[in-house]
Amino acid sequence: MRIDIITVSPELIKSPFEYSIIKRAIDKGIVEVHFHDLRKYALNKYGKIDDYQFGGGAGMVLMIEPIDKCISQLQAQRSYNEIIYMTPDAKTLNQQMANKLSSAENIIILTGHYKGVDQRVRDKFITQEISIGDYVLSGGELAAAVLSDAIIRLIPGVLGDETSALTDSFQDNLLAPPVYTRPAEYKDMKVPEILLSGNFPKIEQWRHEKALERTKNIRPDLEKS
Ligand code: ADE
């Protein structure tokens with residue numbers, strides 16, 4: 001998979017790709033991530049990429065021309081399955097969306113800033129708009145990093161143990177059950193007996209019950225979706 005991220009602040013978004021599972025996926029050649037500084041496509045030598053909004057109002061809007069130039073240059077080199085715009089006024093990211101995107105060959109992620117982008121960018125280029133939650137960030141960079149991480153770890157070969165993504169929270173619309181490790185007892189706090197029993201069908205049943213219980217208490221909305 002290839003991910004092209006278009007941003008006003010490339011330095012802000014790079015570090016999440018330099019550690020742990022995501023770095024290993026890049027090192028193994030399973031995924032390529034490229035960052036494109038929107039200012040390189042600016043209208044003038046001062047790096048102009050935004051302007052006041054028509055009709056008045058506070059906040060600058062990213063202009064269509066630099067974005068058009070950047071996306072068109074990428075599209076001239078390969079075709080893209082999706083061109084995604086990170087914005088709070090969109091559908092909220094969930095595990096199903098990440099699953100679907102993890103089988104794409106090439107995707108572009110455009111991150112917004114200030115008041116967002118000229119609506120014509122959204123109308124002409126964007127195939128999917130994604131929010132990471134009902135709150136507003138200063139820019140879409142962190143949201144793009146969250147989306148990329150959620151997608152990359154699902155690509156086959158990225159996680160060492162193939163089954164570990166299957167037992168994540170949300171894969172079956174349930175939160176994950178509690179987990180424990182050594183020691184079996186710490187300051188009077190004991191690991192549930194069943195997990196030490198070696199009775200794996202019973203353990204699976206216990207985990208399922210705990211997952212249901214957690215989901216019911218914390219995210220009852222998931223049971224209905
Ligand atoms: N940009 C600013 N806030 C955002 C959010 N919640 N999700 C995606 N992109 C954003």
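Read-outs throughout are calculated quantities, based only on the coordinates presented, and are distinct from any laboratory measurement. Nothing here was measured: the structure is a model prediction, and the numbers come from that model. Positions of Cβ are backbone-derived with ideal geometry, glycine not excepted, and every protein chain shown enters the neighbour counts.
Per-residue HN-Hα couplings for segment 156-161, Karplus 6.51 cos²θ - 1.76 cosθ + 1.60 at θ = phi - 60°, whole Hz, x for Gly and Pro?
My calculation for segment 156-161 gives x, x, 7, 7, x, 8 Hz in order.
For the chain, how big is the tail of P(r) above 34 Å, as a whole percent of Cα pairs?
Values: 7308 of 25200 pairs.
Of the Cα pairs, 29 percent sit more than 34 Å apart.
Neighbouring Cβ atoms within 10 Å as the yardstick, rank MET97, MET63 fewest first.
Working: MET97 17, MET63 20.
Placing the least packed residue first, the sequence is MET97, MET63.
Quick one: which of LYS100/LYS224; LYS100/LYS124; LYS190/LYS210; LYS40/LYS69; LYS187/LYS210; LYS14/LYS40 span more than 19 angstrom between C-alpha atoms?
Working: LYS100/LYS224 21 Å; LYS100/LYS124 22 Å; LYS190/LYS210 17 Å; LYS40/LYS69 10 Å; LYS187/LYS210 23 Å; LYS14/LYS40 17 Å.
Check vs 19 Å cut-off fails for LYS100/LYS224; LYS100/LYS124; LYS187/LYS210.
Relative to the first principal axis of the alpha-carbon coordinates of the chain, what is the inclination of helix 64-77, with its axis defined by its Cα atoms, in degrees from 0 to 90 and to the nearest 10?
Once rounded, the angle reads 70 degrees.
Please order HIS36, HIS113, HIS208 by the number of other Cβ within 10 Å, starting at the fewest. Working shown, then result.
Working: HIS36 18, HIS113 21, HIS208 13.
Least crowded to most crowded, the residues run HIS208, HIS36, HIS113.
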